[in-house]
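Quick notes on the structure that follows.
The values are calculated or read from the model by the stated rules, or taken from the named source; none is laboratory data. Not measured: the values here are computed from a predicted model. Note: ideal-geometry Cβ built from the backbone for every residue, glycine included; neighbour counts use all protein chains shown.
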Amino acid sequence: MKYDAVIIGGGRSGCAEALRRASDGQKVCLVAAGLTLHSLEPELKGKPYSELHSLTKAGIAVLRGDIVEEVLWGATASDPVRAVKTANGISLEAAEFVLATGRFFSRGLVADMEGVREPVFGADVDFPEDRTKWFDPDFFAPQPFESFGVKTDKAGRILKGGKPVENVFAVGKILGGKLDAGR
């Protein structure tokens with residue numbers, strides 16, 4: 001399936017970005033792993049499936065309960081992303097992709113003994129190498145890991161190996177402590 005934009009993540013930022021792009025006339029698909037789609041229409045708040053209603057009403061294709069498992073890159077490392085494949089076997093081609101997967105609790109970022117990584121595109125992540133700087137021993141203090149996020153250029157494109165990926169942008173909490181200005 002071909003789209004102008006594929007949004008990966010169904011939280012508040014992913015839904016807002018999908019609606020913004022749809023209102024600009026773009027053909028949009030939103031891939032939402034869980035049931036985290038947020039209602040952006042106050043009159044529908046609390047009604048069953050209100051989130052899905054507001055997105056489909058805007059003409060957005062919603063793949064609810066699906067995740068991106070594979071990224072199909074261009075012929076060379078500097079080429080943009082061509083498509084993504086979901087766990088349900090759906091191939092989504094797009095001019096642009098938007099990463100809105102959140103951070104740790106939504107698995108937008110994953111930490112292990114090697115460090116912190118972004119699992120969909122392999123974007124560069126901003127975090128200190130010294131693991132003792134990842135947390136504050138005071139449980140109730142703001143925790144440093146809450147500010148970790150993917151690195152982007154000034155246009156909001158993710159960085160991979162220190163270079164911007166031409167057609168992949170990041171919005172929302174995946175940006176970490178950076179200001180979420182959308183795009």
| query | Any residue at all in segment 129-142 that is touching a Ser or Thr at 6+ places or on another chain (Cβ under 8 Å) and either closer than 22 Å to Glu17 by Cβ or among the basic types (Lys, Arg) (or both)? | reply | no
| said: Going by what's in this entry, would Phe139 be described as among the aromatic types (Phe, Trp, Tyr) and either under 13 Å from the mean Cα position of the chain (by Cα) or more than 24 Å from Ala33 (Cα to Cα) (or both)? | reply: yes
| Members of segment 20-38 found to be closer than 21 Å to Gly108 by Cα and either modelled with pLDDT of 90 or more or of a type in the set (Phe, Trp, Tyr) (or both), listed by number | Val28, Cys29, Leu30, Val31, Ala32
| Which one of these does Gly59 not meet: (1) at pLDDT below 80; (2) on the phi > 0 side of the Ramachandran plot? | (1)
| Is it the case that segment 83-95 has a residue that's under 18 Å from Gly161 (Cα atoms), under 17 Å from the mean Cα position of the chain (by Cα) and not polar (S, T, N, Q)? | no
| note | The strands (runs of 3 or more DSSP E) lying entirely within segment 93-183 that contain at least 2 residues which are free of Cβ contacts under 8 Å to residues at least 24 places away in the same chain and either surrounded by 13 or more Cβ atoms within 10 Å (Cβ to Cβ) or out of contact with any Asp or Glu (no Cβ under 7 Å at 6 or more places or on another chain) (or both) are 110-112, 115-117
| query | Can you tell me which residues in segment 63-73 are closer than 18 Å to Asp4 by Cβ and surrounded by fewer than 14 Cβ atoms within 10 Å (Cβ to Cβ)? | reply | Leu72
